[in-house]
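Scroll down for the structure; my scribbles are underneath it.
The values are calculated or read from the model by the stated rules, or taken from the named source; none is laboratory data. Owing to the predicted nature of the structure, the values given are computational and were not obtained by experimental measurement. Here Cβ is always computed from backbone atoms with ideal geometry, including for glycine, and neighbour counts include all displayed protein chains.
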Amino acid sequence: MPNDSVAHATLARDPASLADRLLAVRAATEALAHGLSAEDCAVQSMPDASPVKWHLAHTTWFFEHFVLAPHAPGYRVFDPGFGYLFNSYYEAVGPRHPRPQRGLLTRPDLATVRAWRAHVDASLAHFVASGDVPAAAWPLLMLGLHHEQQHQELVVTDLSHLFAQHPTAPAWRDLPPAPGGAAVVPLTWIDVPSGVQTIGHAAAGFAFDNEGPAHRVFVAPAQLASRAVSNGEYAEFVAAGGYRDPALWMSDGWATVQREGWDAPPRWARMAPDAPWQQRTVAGLRPLDPAEPVCFLSWFEADAYARFAGARLPTEAEWECVARDHPPRGAFADDGRLHPTPMTGPPGPRFHGDVWEWTSSAYGPYPGFSPAAGAVGEYNGKFMANQMVLRGSSCATPRDHARATYRNFFPTHARWQFSGVRLARDAAGA
């Protein structure tokens with residue numbers, strides 16, 4: 001697929017290109033579910049995750065409710081009852097089924113959800129090909145495309161969490177054999193552009209509402225690590241008793257470690273205290289590769305490791321000021337890997353593309369932020385409290401969905417996302 005800016009301009013001129021893009025994105029979601037059983041698609045592994053069937057249905061409801069029903073003449077809603085079942089969090093739309101109980105929705109069955117998807121896909125293609133798309137529907141179509149790509153990433157993260165809970169650690173995707181033995185790229189430091197800097201989305205092309213408006217910030221002299229922290233480096237933190245040292249943890253983090261019994265990242269396992277670490281992956285249980293970036297860390301763990309390493313987490317402004325000069329690298333969902341790649345090979349910066357990277361910035365609105373009118377105004381703004389910002393993208397992010405201004409956000413204890421850590425430090429004399 002083309003990059004965002006090119007895609008936006010091309011689709012605005014050519015309804016056929018827009019229809020092709022819509023159907024390609026919709027088909028990519030279905031492809032992620034290929035080979036899964038109906039049982040695989042129905043189970044919810046925890047309240048924060050959703051079944052694959054729910055993702056397939058919710059993304060369909062989004063296009064039906066926000067695009068087709070109000071804007072496509074003569075559109076027939078597939079089943080009026082599905083709005084209650086598959087609305088996510090849009091209070092203005094009406095009541096909805098509780099999120100923690102999505103795994104209890106045995107009806108409609110998977111075949112019916114796929115029939116609904118086919119109904120909506122055909123209607124979207126006809127609507128766009130008609131050449132009579134009203135101006136108000138255009139931004140909703142683009143939002144729907146990128147919303148679906150967000151849910152493609154969630155399908156991967158939720159499925160990986162689901163299969164990680166299974167006692168036999170089943171595989172649901174193949175991965176290339178781990179190379180083993182290759183040295184991780186040495187960590188170097190990149191100077192952060194300092195002084196008054198502009199961050200936030202300002203260029204042509206799509207961005208979510210929380211990425212703007214572009215605004216100026218003051219950035220003090222600092223440096224960012226050239227790559228993420230590796231499994232091998234994090235294993236040193238574990239071996240040194242990092243999970244047993246309260247001096248390294250924020251108060252709430254230490255309380256969480258004690259309450260939850262954390263002693264390593266959540267997908268790490270070993271058969272005996274002195275046995276080698278293994279990791280639950282989409283390909284099942286594999287030896288832990290020390291050259292891969294550590295992932296599935298909470299903000300508490302990322303912050304504690306940074307303190308252990310004599311560094312800190314970057315602010316999101318520092319992160320963006322460096323990332324805009326370093327294109328995404330790494331594996332993405334459309335490459336079919338769905339797992340971080342080892343940080344080996346030639347020296348040089350390795351920026352976002354393997355794991356989301358925690359920052360020290362609380363999730364809040366940029367100066368001048370204003371939510372959109374109507375129900376879609378609930379898209380991001382209502383979550384701007386009690387969460388921390390992650391930047392970049394991960395191995396589960398569709399390739400053309402990654403950009404330097406993207407703001408992800410999760411609570412400090414969350415450990416199910418492909419989340420890792422990149423170190424920062426103040427520049428000498430700053």
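Quick notes
Residue by residue, here is whether (1) among the basic types (Lys, Arg); (2) under 25 Å from residue 301 (Cβ atoms); (3) in contact with an Asp or Glu (Cβ under 6 Å, 6 or more places away or on another chain) holds:
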| site | (1), (2), (3) |
| --- | --- |
| 338 | no, yes, no |
| 352 | no, yes, no |
| 359 | no, yes, yes |
| 364 | no, yes, no |
| 376 | no, no, no |
| 382 | yes, no, no |
| 399 | yes, no, yes |
| 411 | no, yes, no |
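- Take the conditions (1) more than 22 Å from residue 142 (Cα to Cα); (2) surrounded by 13 or more Cβ atoms within 10 Å (Cβ to Cβ); (3) in contact with a helix residue (DSSP H, G or I) (Cβ under 9 Å, 6 or more places away or on another chain); residue 72 misses just one of them, which is (1).
- Checking each residue in region 12-67 for being more than 17 Å from residue 105 (Cβ to Cβ), in contact (Cβ under 8 Å) with a residue 12 or more places away in the chain and of a type in the set (Gly, Ala, Ser) picks out 12, 16, 19, 24, 28, 35.
- Restricting attention to region 76-92, the residues that are in a helix (DSSP H, G or I) and among the small types (Gly, Ala, Ser) add up to 2.
- Filter pass, residue 55 being surrounded by fewer than 17 Cβ atoms within 10 Å (Cβ to Cβ), touching a Leu at 6+ places or on another chain (Cβ under 7 Å), of a type outside the set (D, E, K, R) and at pLDDT 95 or above: no
- Among (1) without any contact (Cβ under 8 Å) to a residue 40 or more places away in the chain; (2) touching a Pro at 6+ places or on another chain (Cβ under 8 Å); (3) crowded, with 21+ Cβ neighbours inside 10 Å, the one test that residue 387 misses: (3)
- Every condition in (1) touching a residue at least 12 places away in the same chain (Cβ under 8 Å); (2) over 26 Å from residue 327 (Cα atoms) is met by residue 188 except one, and the failing one is (2).
- Scan of region 128-143 for residues that are under 30 Å from the mean Cα position of the chain (by Cα) and either surrounded by 12 or more Cβ atoms within 10 Å (Cβ to Cβ) or under 12 Å from residue 18 (Cα atoms) (or both), ordered by number: 128, 137, 138, 139, 140, 141, 142, 143
- Odd one out for residue 256, checked against (1) farther than 23 Å from residue 170 by Cα; (2) hydroxyl-bearing (Ser, Thr, Tyr); (3) touching a Leu at 6+ places or on another chain (Cβ under 9 Å): (3)
- Scanning region 189-206 for residues that are modelled with pLDDT under 95 and either out of contact with any helix residue (DSSP H, G or I) (no Cβ under 8 Å at 6 or more places or on another chain) or of a type in the set (Val, Ile, Thr) (or both) yields a single hit, 202.
- Test: residue in region 37-45 that is more than 22 Å from residue 417 (Cα to Cα) and touching a helix residue (DSSP H, G or I) at 6+ places or on another chain (Cβ under 8 Å): yes
- Enumeration of residues in region 320-338 that are assigned to a loop (DSSP other than H, G, I, E, B) and modelled with pLDDT of 90 or more: 324
- Some residue of region 380-397 being over 25 Å from residue 89 (Cα atoms) and not acidic (Asp, Glu): yes
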